[in-house]
Amino acid sequence: MPILCPAARPTPRARMHGARLCARAAAIAAIVTACAALAFAPPALAAKKKHQRLHPHTAAAAVAVSRAPLPASVLVALARAKVPASDISVVVERVGDPTPLVAWNADRPMLPASTMKLVTTFAGLSILGPDYRWRTSAYADGTVDPDGTLHGSLYIKGTGDPKLVPEELIDLVDKIRKAGIRKIDGGLVLDKSYFAASTRDLPPFDDDASAPYNVGPDPLLYAFKALTFTVTPNDNGTVAVDVLPPLDKLSISNQLVESGGSCGAAASAAHPALTTGADGIVTASFAGDYPLRCGPSTTNIAILDHSTFFARGFLALWKQQGGTFDGQITEGKVPTAARLVAVHHGPVLGSIVYDINKFSNNVMARNLFLTIGAAGTGAAGTGAASAGAVAGKPPATTEQSSRVIHAFLQKSGIPMPDLALDNGSGLSREEHVSARSLAALLQAANASPVGQSFIDSLPIAGIDGTMRNRLTNADVLGNAHIKTGTLRDVRAIAGYVAAADGTSYVVVSFINDEHAEGARAAHDSLLEWVYANAH
């Protein structure tokens, strides 16, 4: 019998309680499915106490708990990782009651890594609305013959759709064809004026420029500006190479051989060598031995610049549908005389936020951050800007986005005095926030009209997203919705825990230390402690 998870809850505590029950149901389903495949019985699941009403702390109690030391299990894990307690900040609060049970270095501004996405996604949901959709539009500035030839240029204007993937872009291609255009006799012009030029072609965060996490924002972001190569050995002795998305002027040279050898060598062989010829054709070359027993291997590589990647992706789909094009690819604004011929509406923001937080997608977060600066208003809620609100307008800049978000937080009564925004994704050494400030946002988010969408987007401990492989054998399995963050010298967690006694908690913790990489166990111990012992 299916368990129906309500879309909204009457109170913040009830919403988190419902999320806990649904998460537990998902955990049970996952365990049962795995056990059916492996033919052994699932472990016993601990019974849960009924949800309990919370009572405010007295002032004296508030002082006492705010000075409570870190849990012993957390201190032990920190010591093992060689991280001093001075380099961690922690806030634990009951949902609906901001009086901290634990407040350790709570007001110290820290590098939050990807937990900063919580600020961007909550602000986006609140300012733009969960049903907000990006538009990618096509315009024509010439006449179209009866045979479908456009005597002029085709303009494509983007507004920063974070998930313009082949399955979405093909909709725009189909609509252009339905408008009667089959051949473009002029140029293909990309209008990228929705974001300011200062937001584009930024240097990568680190030296790995081909890593997809380093892809910067763009008004015409296509398929995250990355190619996915999948190498698959077959029983007939061949090794197949598939690539997504399809790109015009992309060639695959496959010299892989199914034979003996190590899977380590196979992993290397599955990584292509990329070269660009004088004609602009990009060749991905694969060579070496690839044993059948190693199974499929996938490699993701960011290539080209945004404009070239989008144009080649569009043209690949255009030509697959029978369209032709022999002109030049340029950038420029849509002329006022050009007529609209097609519009594609992207997925709703609620589903975009789900992807951003579950999988910690940096470039999607950065595009949302800039969209807030172009389309949002600093007033709480959606609609026209109220008196005194900071209204966004294109072209978006990071400074404008930051102003709109700060104005929204102020009008919403969410105290975050130490919040410093850079690109909204956390992939930055310039973004800072304290644990207390982020806890305040989580309290407000849970009580807000968009609380259900926001909580549902967070990874569930031991179940999915970036928490899929953590706490899989712990009692907190399925009972914590936690956004994670990791950079060099940084570890972070932030979210909600539905404890064993039915009480729900806000949990935020940052570790900023050269040994942070090895301190994951400290954060896992904190979540386990909150689940079992925080009351």
Check your understanding: Quick check, is Val173 touching a strand residue (DSSP E or B) at 6+ places or on another chain (Cβ under 8 Å), open to solvent by less than 10 Å² (accessible area, probe 1.4 Å) and either without any contact (Cβ under 8 Å) to a residue 60 or more places away in the chain or not in a strand (DSSP E or B) (or both)?
Key -> no
Check your understanding: Among (1) assigned to a helix (DSSP H, G or I); (2) open to solvent by 10 Å² or more (accessible area, probe 1.4 Å), which single condition is Arg135 missing?
Key -> (1)
Check your understanding: Taking the condition open to solvent by 50 Å² or more (accessible area, probe 1.4 Å), at pLDDT 95 or above and of a type outside the set (Val, Ile, Thr), does Asp422 pass?
Key -> yes
**Study point:** Output for the range 69-102, where each listed residue is surrounded by fewer than 17 Cβ atoms within 10 Å (Cβ to Cβ), in contact (Cβ under 8 Å) with a residue 40 or more places away in the chain and of a type in the set (A, V, I, L, M)
**Key:** Val76
Check your understanding: For Asp147, are the conditions met, namely being out of contact with any Cys (no Cβ under 9 Å at 6 or more places or on another chain), open to solvent by 50 Å² or more (accessible area, probe 1.4 Å), free of Cβ contacts under 8 Å to residues at least 24 places away in the same chain and assigned to a loop (DSSP other than H, G, I, E, B)?
Key -> no
Practice item. Need at least 3 residues that are farther than 26 Å from Thr397 by Cβ and of a type in the set (A, V, I, L, M) per element, so show me which strands (runs of 3 or more DSSP E) inside the range 183-284 make the cut, counting only ones lying wholly within it. Key: 239-244, 250-257
Revision key, fill the gap. Scanning the range 269-287 for residues that are over 13 Å from Val241 (Cα atoms) and open to solvent by less than 30 Å² (accessible area, probe 1.4 Å) gives Gly280, Val282
Study note, to complete from the structure: Here the residues within the range 344-380 that are within 22 Å of the chain's Cα centre (by Cα), at pLDDT below 95 and open to solvent by 20 Å² or more (accessible area, probe 1.4 Å) are Ala375
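Restricting to the range 195-215, what's the tally of residues that are surrounded by fewer than 22 Cβ atoms within 10 Å (Cβ to Cβ) and either closer than 26 Å to Asp489 by Cβ or among the hydroxyl-bearing types (Ser, Thr, Tyr) (or both)?
Going through the range 195-215 one residue at a time, the tally reaches 14.
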Review point. Do we have Leu487 as farther than 17 Å from Asp355 by Cα and of a type outside the set (D, E, K, R) here?
Key: yes
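The values are calculated or read from the model by the stated rules, or taken from the named source; none is laboratory data. The structure presented is a predicted model; accordingly, all values stated were derived computationally and were not measured. Cβ coordinates were reconstructed from backbone atoms using ideal geometry, including for glycine residues, and neighbour counts include every protein chain displayed. Note: areas computed on protein heavy atoms with side chains; ligands, DNA, RNA excluded. Shrake-Rupley method; radii C 1.70, N 1.55, O 1.52, S 1.80 Å.
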